[in-house]
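**Q** Just passing along the structure, written as structure tokens.
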Amino acid sequence: MSVSLRRFSASYYARVRWREHRRSREIAISLNTMNKKVALDRLQEVKMWESQIREGEISFSFSKDKIVPKTLNQLVQEYLKARKEDPYNPLRSSTLRLYEDNLLSWLNHDKP
């Protein structure tokens, strides 16, 4: 496994690479900084947790992302609300009604 510092746009990322079943795997972890000195400090924290990163079991103190568990019903409602309020891609009311009917019937399919 190897960890390196990469810059994409204005932010720095830690690039973690390893081989798994003869295939190369890679993950980019945002270091949430534009300062190289801060990025190098955070890269050391990423290096400490290399094996846990590979297993997908770690989050970092500098990470802004918080994983919030949601139900499928909540996600469908959020999607429908976002589509209704999207000013850049407006949909007709009949299209929104079709989306809603289809998604809700899909959610209720497993229920007797």
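**Q** Which fully enclosed helices (runs of 4 or more DSSP H) of the chain have 2 or more residues being at pLDDT 90 or above? Reasoning before the result, please.
**A** Working: elements: 36-48, 50-55, 72-85, 93-107.
Qualifying helices (runs of 4 or more DSSP H): 36-48, 93-107.
**Q** Which count do you get for residues in the stretch 5-27 that are of a type in the set (Gly, Ala, Ser) and either surrounded by 12 or more Cβ atoms within 10 Å (Cβ to Cβ) or on the phi > 0 side of the Ramachandran plot (or both)? So that I can check it myself, show each step before the final result.
**A** Let us first name the residues in the stretch 5-27 that are of a type in the set (Gly, Ala, Ser), namely 9-11, 14, 24.
Adding the requirement that they be either surrounded by 12 or more Cβ atoms within 10 Å (Cβ to Cβ) or on the phi > 0 side of the Ramachandran plot (or both) leaves 9, 11, 14.
Of the residues in the stretch 5-27, 3 are of a type in the set (Gly, Ala, Ser) and either surrounded by 12 or more Cβ atoms within 10 Å (Cβ to Cβ) or on the phi > 0 side of the Ramachandran plot (or both).
**Q** Return the pairs, sorted by first residue and then second, in which the second residue is surrounded by 13 or more Cβ atoms within 10 Å (Cβ to Cβ) and modelled with pLDDT of 90 or more, the first residue lies in the stretch 91-108 and is in the same structural domain as GLU78 (by TED's automatic domain parsing), the beta carbons are less than 6 Å apart, and the residues are 6+ apart or on different chains.
**A** So the pair list comes out empty.
The values are calculated or read from the model by the stated rules, or taken from the named source; none is laboratory data. Everything numeric here is computed off the predicted structure, so don't read it as measured data. For neighbour counting, all protein chains shown are included, and Cβ atoms are generated from backbone atoms with ideal geometry for every residue, glycine included.
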